[in-house]
Amino acid sequence: MVTRSILDFRAVSKIWVACWLVFLGAFCLVDTSYGQEWGAVSGRVFASDTKYPLPGTSVVVSGTNFGTATDVDGRFYLRLPSGNYLLRYSSIGFRSVLDSVIVAAGEVSTREVSLEPQPIEIGEITVEGRSTTEVGAFELTAEDLESIPAPMKDALRALRVLPGVVVNNELSNQFSVRGGGFNENLFFVNGFEIFLPFRPRTGEQEGLSLINGDLAEKLTFYTGGFPVRFGGKLSSAVDAAYRKPQDRSESLRATGYVSMLDFGLSASSSALNGRLGWLVGARKSQARRFFEKQDLKGEYHPNFSDLQAYVGYTISHGHEIEVLGMYAQNEFQLDPSGRKTYFGTLSQNEALAPSNLKSLWIRFDADNQELDSYETGFVGIRSSNRLTPQLRAEHDFSLYKTAESEFLDLSGTAILFQVDLGSDNPDEGDGLYPTGSSQQIDAADNRIEVTTSTATGRWYLNSTRHAAEAGWSVRHFGFNDRLEEKSVVVGRSTQGDIVRIVADSLSGNAKLDAWQSSIFAQDTFDLLEGDPGKLVLTGGIRADHFSFTGEWTFSPRASFSYLKSPITTYFGSIGIYHQVPTYRELRGKPVLGETILGALNQDLASQRSLQIVLGGEYFIPSKRFYIRGETYVKRITNLISYDIENVRVLYSGENDAKGLMYGLDLQMRGELVPGMESWINYSFLKATEEFESAFVTPQNEGRVARPTDQRHTVSLFVQDYIASDPSWSIHLRALYGSGLPYTPPIPGQRLGNLLAQAPGDRFSARYTRFFRFDMGVTKKITPTQTNSRVAIEVTAEFLNVFNMVNTVSYTWVPDASGIWQRIPTRLTPRTFNVRATVRF
């Protein structure tokens with residue numbers, strides 16, 4: 001265990017250093033290698049009345065966060081790519097000044113800037129350079145969502161570049177935050193709650209998430225410590241805000257893109273003098289080329305599509321109606337032909353440690369097929385009314401319905417080989433020596449239908465130093481589930497008779513109808529009357545009721561933000577979070593002879609988490625970089641333990657454990673070039689669980705790792721452009737995660753030459769590390785007509801640039817002696833994609 005810890009530390013240290021070198025290399029590239037294409041602006045800023053210098057004055061390129069600050073003598077020096085710029089000079093207590101400047105390559109322009117005093121009124125202070133410092137909150141802009149290179153244009157897949165997110169699968173839009181599970185995250189679009197697929201088996205099946213980045217204005221991600229208006233989950237909340245064209249009297253704008261993997265179209269406009277706004281978007285992804293590069297070969301037919309529309313209408317001043325609609329059809333079909341996977345070890349010194357390279361070949365029977373379908377519809381309507389200048393009310397109703405089906409008919413023969421490294425062409429069968437074989441049959445015909453209807457109301461009351469909020473919600477949900485699945489391993493006994501081992505079998509129907517209701521209230525209080533914004537406290541409580549179990553839960557929460565200085569902010573939170581069990585947790589794992597309806601546990605209590613978060617943010621004025629850190633601890637009681645198979649979560653259906661998670665998230669971010677923000681993150685996490693005495697077995701004794709215990713995570717996103725030609729830009733994304741734990745099997749009952757599996761020590765082994773590096777290069781093409789509203793972009797994306805081998809799960813195949821061999825299920829290799837985008 002000590003050796004593994006040392007190796008993990010060494011590995012993450014190397015990745016951390018490599019990412020820092022990339023980040024700092026980009027910074028140095030901006031600062032030095034473009035020296036002949038960059039110039040500078042220098043000068044002095046002083047008060048117009050006293051002529052005294054103004055230290056700490058912000059000097060930025062207008063519309064960006066790129067700039068610097070004056071020193072104690074009021075002097076500044078700012079390097080910029082050659083071109084024309086509008087600089088903004090601002091200092092607290094003085095009127096801001098805009099000044100245009102021409103920067104020539106290799107030359108320094110000088111400026112003498114005087115600022116006029118401006119009286120400061122209480123409540124009107126804006127601290128230049130200060131970012132949003134809500135506890136655990138991080139933002140991605142629409143430009144960020146578009147620029148991050150990823151296999152598909154999907155907003156949720158972009159979250160992997162934020163702190164606290166566990167990464168190990170680029171195919172899935174499921175994720176874990178600060179040690180939580182895939183099912184512990186909330187998702188909102190314009191305040192309406194939406195949901196991810198309820199029962200995916202692999203990442204390929206999921207398709208596109210319901211958050212369309214083409215329509216989004218920004219995406220706020222709460223990694224923990226979120227306020228009481230968000231309830232029902234333990235880990236995180238994703239709040240996507242779509243554009244509202246009526247708020248800005250927007251003229252017609254449209255965007256279309258097409259790539260080798262997907263295409264889409266979006267449009268928006270306003271009418272009736274800004275009283276009516278509409279927004280529509282359609283996407284389609286057929287990423288066959290992307291999936292075909294995996295070890296499992298066959299005819300892939302992915303077909304993911306969705307259509308979304310938003311309409312907002314202002315009835316009169318302060319009174320508005322909004323409607324949001326979504327329809328998604330995600331289908332995945334696979335006709336498998338075979339699989340070739342090489343695994344084992346290759347030695348650089350055969351005398352010291354001989355190589356042990358093996359291979360698994362699977363030949364599927366004719367007419368095998370996998371067909372998965374996820375059909376989802378959503379509609380939400382909201383009425384917003386300003387009752388008084390201080391009081392506003394919102395009421396909405398939404399209906400969410402999804403039907404998920406899964407059909408499997410897979411059978412084939414798996415052969416294990418020992419590979420002779422001296423052979424010419426192992427792919428053609430040279431130098432392969434059989435060491436075992438088996439047959440496996442996987443069959444499934446599953447379907448689940450989920451209907452969720454929700455009514456909510458919220459009231460907002462603002463005063464000089466208070467911002468109060470209260471609300472209620474009532475939700476009815478219905479699950480209609482049919483399960484018919486079985487996995488069988490076929491071998492022969494010592495007498496030559498065929499032996500069949502049923503590895504997994506589940507059959508039955510279940511229906512669940514239940515109600516959830518909640519109320520909440522909170523107040524944000526500006527504590528210091530004479531120093532607004534210095535110390536802000538937020539406190540609130542929510543109560544939730546679940547009809548199926550009859551349980552009431554109460555969740556008090558509090559947070560603070562303390563502005564120590566214009567460049568230093570401290571913040572923190574403490575609170576109770578409850579997660580009401582839904583159908584998946586209630587059902588758990590039926591025991592032999594039990595129906596899935598009978599497995600629903602009506603005595604199951606909500607999981608309860610006590611969370612404490614403390615953090616701070618420091619702004620470096622001279623470089624305009626932010627350094628942010630958060631540390632947290634989460635204690636969970638009434639924990640419902642679970643296992644993970646690829647991306648499928650299998651709950652125990654019992655409150656059988658308690659959990660402890662603690663860690664640290666660090667981020668450094670800033671603009672390396674004007675208008676393009678970059679950042680680097682590091683996260684440390686330890687997530688453990690301890691089973692209650694009634695559920696302790698020899699395999700789970702003591703404190704063991706949770707399925708999401710990824711100790712080290714590093715993510716990097718860098719944006720840059722060529723100084724001499726800003727129409728060329730580059731976007732880099734790097735993701736690293738140390739190995740996640742899994743439960744290895746141990747030998748069970750022997751039947752003939754087959755040795756059945758039994759679970760070993762719980763989560764005592766770990767997958768290999770996850771690492772990938774993605775890069776995109778974009779060329780902006782401007783039409784020759786000066787009044788043209790058309791903009792064209794062509795992007796080349798290199799996904800998994802270094803062709804890293806990443807493992808998401810293991811399958812197990814018996815060799816000739818009956819011992820099960822571990823076979824890795826690997827993710828996608830290097831892929832190239834080209835995307836063209838047109839805007840007007």
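The values are calculated or read from the model by the stated rules, or taken from the named source; none is laboratory data. Computed from a predicted structure; not experimentally measured. All Cβ positions, even for glycine, are placed from backbone atoms using ideal geometry, and neighbour counts span all protein chains on display. Only protein heavy atoms, including side chains, enter the accessible area calculation; ligands, DNA and RNA are left aside. Shrake-Rupley method; radii C 1.70, N 1.55, O 1.52, S 1.80 Å.
Side notes on the structure shown:
- For peptides 245-254, 667-676, sequence by mean Cβ density within 10 Å, most packed first: 667-676, 245-254
- Rounded FRET efficiency, nearest 0.05, which uses the C-beta distance separating TRP728 from TRP812 and R0 of 45 Å: 0.40
- Using only the C-alpha atoms, the convex hull of segment 252-343 corresponds to 109 Å³ per residue.
- Calculated P(r) tail over 20 Å for segment 354-483, as whole % of Cα pairs: 70
- Once the Cα-Cα distance is subtracted from the 0.36 nm per residue extended length, the ALA467 to ARG635 segment shows a gain of 57.5 nm.
- When the inverse distances between all different Cα atoms of segment 558-709 are averaged and flipped, the Kirkwood radius reads 18.4 angstrom.
- Per-selection Rg to Rh, segment 326-394 - Cα, Kirkwood hydrodynamic radius: 1.51
- Estimated purely from DSSP H runs of n ≥ 4, each contributing -39500 (n - 2.57), the mean residue ellipticity at 222 nm for the chain is -1500 deg cm²/dmol once divided by its residues.
- Percent breakdown of C-alpha pair distances by 10 Å bin, ordered from the shortest bin, for segment 626-675: 19, 26, 25, 18, 10, 1
- Each label was represented as a point 7 Å from its Cα along the Cα-to-Cβ direction; for VAL379 and LEU527 these points are 4.9 nm apart.
- Ellipsoid equivalent to segment 152-212 - semi-axes via the Cα gyration tensor, in Å: 16, 15, 12
- Residue pairs, from the table LYS244/LYS780; LYS486/LYS589; LYS534/LYS623, whose Cα atoms sit over 18 Å apart: LYS244/LYS780; LYS534/LYS623
- Multiplying the residue separation of ASP409 and LEU272 by 0.36 nm and subtracting their alpha-carbon distance yields 43.7 nm.
- Candidate values (i) 298; (ii) 215; (iii) 187, label of the one derived for volume of the Cα convex hull per residue in Å³: (iii)
- Using R0 = 22 Å, the C-beta based FRET efficiency linking VAL777 and LYS293 works out to 0.60.
- Measuring between alpha carbons in the structure, the pairs from LYS284/LYS401; LYS218/LYS401; LYS153/LYS779; LYS51/LYS564; LYS293/LYS358; LYS233/LYS686 lying more than 24 angstrom apart are LYS218/LYS401; LYS51/LYS564.
- Selection from ILE620, GLN369, VAL166, by position along the positive dipole direction of the chain (Cβ): ILE620
- Calculated on the Cα set of segment 150-253, radius of gyration then Dmax: 14.4, 45 Å.
- Three-way shape call for segment 195-266 based on the alpha-carbon gyration tensor, with the a/c threshold at 1.5: oblate
- Only the Cβ atoms of Lys and Arg (+1) and of Asp and Glu (-1) were treated as charged; on that basis the dipole of the chain about its Cα centre amounts to roughly 1080 debye.
- Ligands, DNA and RNA are left out, and with a 1.4 angstrom probe the accessible area of segment 157-289 is 26 Å² per residue.
- Principal-axis analysis of the Cα atoms of the chain puts helix 2-28 at an angle of about 40° to the longest axis.
- Dimensions in Å of segment 683-840 - Rg and Dmax from alpha carbons: 24.4, 80
- Virtual paramagnetic centre 7 Å along Cα→Cβ of GLU551, amide N under 17 Å, in segment 502-540: 513-519
- Residue separation of LEU391 and TYR570 scaled by 0.36 nm, minus their Cα-Cα distance, works out to 61.4 nm of gained length.
- Proximal aspartates and glutamates to LYS658, defined as alpha-carbon separation beneath 12 angstrom and excluding residues fewer than eight positions away on the same chain: GLU689, GLU690, GLU692
- Principal axes of segment 654-709: Cα extent on each, largest first, Å: 60, 18, 14
- Where labels lie 7 Å past Cα in the beta-carbon direction, separation of ASN509 and ASP71 in nm: 8.0
- The chain - share of DSSP beta bridges that are antiparallel (%, nearest 5): 95
- If you plug the beta carbon distance of ASP335 and PHE832 into 1/(1 + (r/R0)^6) with R0 = 22 Å, you get a FRET efficiency near 0.30.
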